[in-house]
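Asker: Sharing a structure here in C-alpha cells format.
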Amino acid sequence: MKMLSTLQTPRSLSRFSLLLPSAVTTTTSSHFSSNSLPHASLSDQSTAVPPQSQILSIRHSLLSRQVTAVDLAQSYLTRLRLTEPQLHSFLHIPDDSAVLAEARELDRRIDGGEEVGPLAGVFVAVKDNICTADMPSTAGSRILQGYRPPFDATAVKRVKELGGIIVGKTNLDEFGMGSTTEGSAFQVTSNPWDVSRVPGGSSGGSAAAVSARQCVVSLGSDTGGSVRQPASFCGVVGLKPTYGRVSRFGLMAYASSLDAIGCFGSSVADAGILLNAIAGHDKFDATSSKQDVPNFLPHFVSESSLGSKPLKGLRVGLIRETIDDGVDSGVISAIREAALHFEELGCSVNEVSLPSFSLGLPAYYILASSESSSNLSRYDGIRYGNQVFADELDSLYGNSRAQGFGSEVKMRILMGTYALSAGYYDAYYKRAQQVRTIIRNSFKEALNQNDILISPAAPSAAYKIGAKKNDPLAMYAGDIMTVNVNLAGLPALVLPCGFVDDGPAGLPVGLQMIGAAFDEGELLRVGHIFEQTLNKFRFVPPIVADSIA
C-alpha cells in the first residue's frame, strides 16, 4: 500500500503522451468515444465536442484489441501519479503490481474469447467511507486509521463482479461531515480547475479524481449534497439516486435516513452505466428497494440521431428560490442560460415557487446531526475504532473518542445529542421531521405539474481553500440547494452547464436536475440530451488538458 503524498510534483504534464482508447461512433447499440478535448478559453468556447462515454469506448477498444487492458491501466496509473502530488485526491492506492495483475488477467480472458463484464478494464475510485476488503477504509478519520473491513460494500462487490478495477480510496471530509474535503483528518484535496480552491465535499476526492481523469468513474456518498456539490465544483457529472435504489450495506453510516451511494463520471452516460451496475435490491440492506432497475443504456443516443426539438413537450420547473439573493450572479447567469438551452430543445420552462425550500437547511442539520450522534456511538475504542489505553472504562471511551474524532464530527455529535435530549426532542427533532414532511409534499406537488425541476447545485463556484473553514454557518449555507432532495428521498443529477470567469481557466457551474422517485432514467435521458447539445463548452481542467489528446 502506498501513500501518494510522498510522490514528487511533476515539472510538466504535457511531456507525457497518455494512452486513451480511440473514438467510436455513438448509437444506442454501439460504443461512445472517450475523446476528451482540452478546455477552450472562456472567450473561445465554440463547437466543442460533447463528452462521450469512456466506459463504452474502453469496452469497444478492449474487445476489438485496439488497446490492451495492461496498456490502458498503465496510462491511467501514469496520469494518477503525475497529478496526485498536486491534488491529493486519494488516501490509499494499491500497488501498481496488483492493478496490473488484474489487467493482465482481463487480457487473458479476452484473448481466450471469454465473456467479460460491462465494466471490464474500467478504473473505479471509491470514497473512503465505503468498505473495501482489500484496502483500508478510514472514513477520513483518525479513529479508523488503518482499519481494514472484512468485506466489500455491496456497491463495491457489484463493481468488481462486473469487471471494474478499484484504483484506490478517495479523500473525504471526516465521516462525510463537510462541504470542502478540508475536514479530512489526513490531507486537503485541491480542485483540478484551480489547485488553490476546494473541490467541494464531502466526496471531494472522488469528484477531483474523475475531473483530473485519474480514474474513469468513482463512487461517492450523498447525505445532503456530498456528490452533487463537488460535481458542480469540479465540472463533472454527479448522480444521487433515489433513497433505496442502491444498497447502503458497507457504507459507514452518517445519517441513515438520508445517506445514498452516488456516482461520478465525466459524462452522463458513464454515471448512468455505473448506477446500472450498483443499483438493485440487497438482502443485507432492509431499506434497499425491490423496484426493478431499468436498463439506462438506450437513453444514451448519439447527437446525430437527435431531432431539432428532442425534448419537445417536457415540462421544466426552475425553482425560483434558488436564483434569488445569496446566489452568485455568475451562477444565476449560467442557470438562466441552461434554461434557455432547455427551451431551444423544445421544453416549456416555468419558474416554480417552493416556499418551504428555505426550511430544509435547519431541518436537515437537526436530523443529520441527531442520526449521526446515534450512528457514531459505535466508535468507542472497543466495538470499533482505535483504542486509547486508560485504567477506567469511561476514560477509555472518552479518550478514544476525544483523540479519534475531529472537531466538526464532535460538534455534530454534540448538536445531535442535544436535539434528542429529554425536554428538547419535540422542539427540535420532532419539528424537523414535520418540516421534512412538508418539503416532501411540496416536491410531490411541484413534480405533478412538471416533469423535472432545475436549480443550481451550489450558490457559488469553488472558493479558496480556507475561505470558510472557520465559519461553519457559511459553509452549512452552501448546502441550501441540495439538502431538500435528500429530505424528500428523490433522485437528482448534476452536470456542468457553464463557467464563471474566475481562476486560471474559469470555474465550472453545475446544473441540478431533480426528478420523481425512481425516475433516474428520465433524468439520465434529459441530462444526456442536454449535455450532447451543449456545444459551447469543454469541461476538461487545465491540469490535464495538455496530456489528453
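Asker: Can you name the condition, by its number, that Pro150 falls short on among (1) without any contact (Cβ under 8 Å) to a residue 24 or more places away in the chain; (2) closer than 19 Å to Phe264 by Cβ?
Answerer: In the conditions (1) without any contact (Cβ under 8 Å) to a residue 24 or more places away in the chain; (2) closer than 19 Å to Phe264 by Cβ, Pro150 misses (2) alone.
Asker: Specify the residue that is farthest from the chain's Cα centre (by Cα); the eligible residues are those in the stretch 36-52 that are open to solvent by 60 Å² or more (accessible area, probe 1.4 Å) and modelled with pLDDT of 50 or more.
Answerer: Checking each candidate, the answer is Thr47.
Asker: For the structure I just gave you, tell me whether Phe175 is over 18 Å from the mean Cα position of the chain (by Cα), within 24 Å of Asp479 (Cα to Cα) and either in a helix (DSSP H, G or I) or among the hydrophobic types (A, V, I, L, M, F, W, C) (or both).
Answerer: no
Asker: What is the residue count in the stretch 291-309 for residues that are in a loop (DSSP other than H, G, I, E, B) and crowded, with 20+ Cβ neighbours inside 10 Å?
Answerer: 2
Asker: Could I ask something else about it? Filter the stretch 393-410 down to the residues that are at pLDDT 95 or above and open to solvent by 70 Å² or more (accessible area, probe 1.4 Å), then identify the one that is farthest from Gly176 (Cα to Cα).
Answerer: Filtering first and then ranking leaves Gln403.
Every residue, every condition in (1) assigned to a loop (DSSP other than H, G, I, E, B); (2) of a type outside the set (Lys, Arg); (3) within 25 Å of Glu445 (Cα to Cα), yes or no:
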{"residue": "Phe284", "(1), (2), (3)": "yes, yes, no"}
{"residue": "Ser289", "(1), (2), (3)": "yes, yes, yes"}
{"residue": "Thr322", "(1), (2), (3)": "no, yes, yes"}
{"residue": "Ala334", "(1), (2), (3)": "no, yes, no"}
{"residue": "Leu340", "(1), (2), (3)": "no, yes, yes"}
{"residue": "Val349", "(1), (2), (3)": "no, yes, yes"}
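Asker: Restrict the check to the stretch 359-371 and report whether at least one residue is farther than 30 Å from Gly527 by Cα, β-branched (Val, Ile, Thr) and surrounded by 21 or more Cβ atoms within 10 Å (Cβ to Cβ).
Answerer: Yes, there is a match, as at least one residue in the stretch 359-371 is farther than 30 Å from Gly527 by Cα, β-branched (Val, Ile, Thr) and surrounded by 21 or more Cβ atoms within 10 Å (Cβ to Cβ).
The values are calculated or read from the model by the stated rules, or taken from the named source; none is laboratory data. All of these numbers come straight from a predicted model, not from anything done at the bench. Counting neighbours? That spans all protein chains shown, and the Cβs are built from the backbone with ideal geometry, glycine included. All accessible areas refer to the heavy atoms of the entire protein, side chains included, with ligands and DNA or RNA removed. Shrake-Rupley method; radii C 1.70, N 1.55, O 1.52, S 1.80 Å.
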